[in-house]
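Visitor: Structure incoming, see below.
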Amino acid sequence: MYNVSMNKLTPWLKQYWFVPVAIFISAIWGGSWVVHKLAAEQLPAFHIVFLRFFATALVFLPFVKKVKKEVLINLFQIALVLNVFHMGFNQVSMYFLGASAAGVLQLMTTPITMLLALVLLREKITRIQMLGITIAIIGILIIRGLPEINGIGVALMLGSAIAWGLAQIKQKQLGKIDLPTFTAYTCLFSVPFLAVCALCLDTPVDYANIDWMAYSPILLFQVVILAAALAIWQKMNAVFGVNKIAPFVLLNSIFAMIAGALFLNENISIIMIIGALITISGLAISTFVKK
């Protein structure tokens, strides 16, 4: 009886092991909003990103493996699109948008990514998938509401969403690569561009006056946890395809809501709980219901 049950369970686990991993990574990314808020008390936006990727590159460079020139080119493209354009547009948009508006506009990331995978990778999108994603997005809109938005901010967030989607495509095309090599090169290649952004767009910073005792745990989280999460996400894209993994980004808002309540004493209303349940139901439909 036990062996029969395990034999039935094993194929299901092989097919869907990405689900708990994607949920866990979404929890990390959602919780990272609290970390970013704490980091913003010490440094302006682009200095935070520059310091994060510079430190991450230093940590992982000693463990890189030799790769072909074509792989290096692909890693450079991912670094440029993901770490520079996606994060750059995202950071600059904050000058024009409130946190709530930015959170709502980030919903564009999932459908744009899936459409890019359809066009560039020929990955199929079923009607059930689209129904599930639509339900999930409605749930997030219930959680966040419909805030006032700014035209420039919308354009920047659209650019950020497109850059994220293109990065997922490049990650899929990259195929299997070990975690330290992926992390080290994508961070290293982005550092010069982010340094220029920090110098040109942020206020000057005196690093000698930073409270490094307070900032060290934040940097450790960014360097180790976020880097590992992104590298694992890349591997899941390569194995399962972009359109299976992309919808789980929508969970970031739910976990950000939970993290805000746990660490920043933010309130969670009944409406927000209902929205979260609707989002989870939509993702379940998109992931498990066959056409």
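No value in this document is a laboratory result; all are computed from the given coordinates. Predicted, not measured: the structure shown is a model, and the values here were computed from it. Neighbour counts are summed over all protein chains in view; Cβ atoms, including those assigned to glycine, are modelled from backbone coordinates with ideal geometry.
Visitor: So how far, in whole Å, is the C-alpha centre of segment 218-291 from the one of segment 155-179?
Guide: Distance between centres, Cα-based: 17 Å.
Visitor: Also, I was wondering about something else. Find how much the distance from Lys37 to Ala155 grows on full extension, using 0.36 nm per residue of separation minus their present alpha carbon separation; answer in nm with one decimal. Don't jump to the answer; show the numbers that get you there.
Guide: Working: separation 118, 0.36 × 118 = 42.48 nm, distance 2.36 nm.
Answer, rounded to one decimal: 40.1 nm.
Visitor: Could you list the residues of segment 18-47 with an amide nitrogen less than 13 Å from a label point located 7 Å from the Cα of Tyr95 in the Cα-to-C-beta direction?
Guide: Taking a point 7 Å out along Cα→Cβ of Tyr95, the residues of segment 18-47 whose backbone N falls under 13 Å are 45-46.
Visitor: Which one of Leu131, Leu80, Ala27 is farthest out on the positive end of the charge dipole of the chain, using unit charges on Cβ (Lys, Arg +1; Asp, Glu -1) and the Cα centre as origin?
Guide: Most positive-ward Cα: Leu131.
Visitor: Then there is this: Could you list which residues have their amide H under 5 Å from that of Glu123, counting only those 5 or more apart in sequence or on another chain, with H placed in the peptide plane?
Guide: Leu118
Visitor: So for the pair Thr134, Phe288, with labels modelled 7 Å out along Cα→Cβ, what separation do we get in nm?
Guide: 2.2
Visitor: Sort out the exposed loop chymotrypsin sites (Phe, Trp or Tyr not before Pro) in the chain (DSSP loop, at most 15 other Cβ within 10 Å) and tell me the longest stretch that has none.
Guide: Maximal segment without exposed cleavage sites: 96-291.
Visitor: Also, I was wondering about something else. Label points 7 Å out from Cα along the Cβ direction at Trp17 and Val196: separation in nm?
Guide: Each label point is offset 7 Å from its Cα along the Cβ direction, giving 4.2 nm.
Visitor: Here's something else I'd like to know. Based on Cβ point charges of +1 for Lys and Arg and -1 for Asp and Glu, what charge dipole magnitude is obtained for the chain about its Cα centre, in debye rounded to the nearest 20?
Guide: For this selection, approximately 1500 debye.
Visitor: Could I ask something else about it? Using DSSP to call loops (not H, G, I, E or B), can you name the trypsin sites (Lys or Arg not before Pro) in segment 136-240 whose Cβ has at most 16 other Cβ atoms within 10 angstrom?
Guide: Lys176
Visitor: While we're on this one: Using each residue's phi in segment 38-44, evaluate 6.51 cos²θ - 1.76 cosθ + 1.60 at θ = phi - 60° and report the 3J(HN,Hα) Karplus result to the nearest Hz, with x for Gly and Pro.
Guide: Each residue of segment 38-44 in turn: 5, 5, 5, 6, 9, 9, x Hz.
Visitor: While we're here: If you build a Gaussian network model of the chain, linking Cα atoms that sit under 10 Å apart, which residue out of Ile162, Ile218, Ile280 swings the most?
Guide: Highest fluctuation of the listed residues: Ile218.
Visitor: Efficiency by 1/(1 + (r/R0)^6): what FRET value for Ile273 and Val224, r their Cβ-Cβ distance, R0 = 51 Å, to the nearest 0.05?
Guide: My answer for the efficiency is 0.95.
Visitor: What whole number of Å gives the distance from the Cα centroid of segment 12-81 to the Cα centroid of segment 116-138?
Guide: Distance between centres, Cα-based: 25 Å.
Visitor: Net charge near Gln234: determine it from the other residues with C-beta under 10 Å of the C-beta of Gln234, scoring Lys and Arg +1 and Asp and Glu -1.
Guide: Neighbour charge sum, excluding Gln234 itself: +4.
Visitor: 222 nm [θ] for the chain, helices only, -39500 (n - 2.57) per DSSP H run of 4+, per residue, to 500? If you can, show how the numbers build up before the last one.
Guide: Working: 15 runs with 214 residues, N = 291.
Per the formula, -24000 deg cm²/dmol.
Visitor: Still on this model: Taking θ as phi - 60°, what are the ³J(HN,Hα) couplings along segment 222-227 by the Karplus curve (6.51, -1.76, 1.60), each to the nearest whole Hz, with x for Gly and Pro?
Guide: Along segment 222-227, the couplings run 5, 6, 8, 5, 5, 5 Hz.
Visitor: May I ask you to compute the full-extension gain from Leu120 to Asp206, defined as 0.36 nm times their residue separation minus their alpha-carbon distance, rounded to one decimal in nm?
Guide: Taking 0.36 nm per residue and subtracting the Cα distance, the gain is 26.5 nm.
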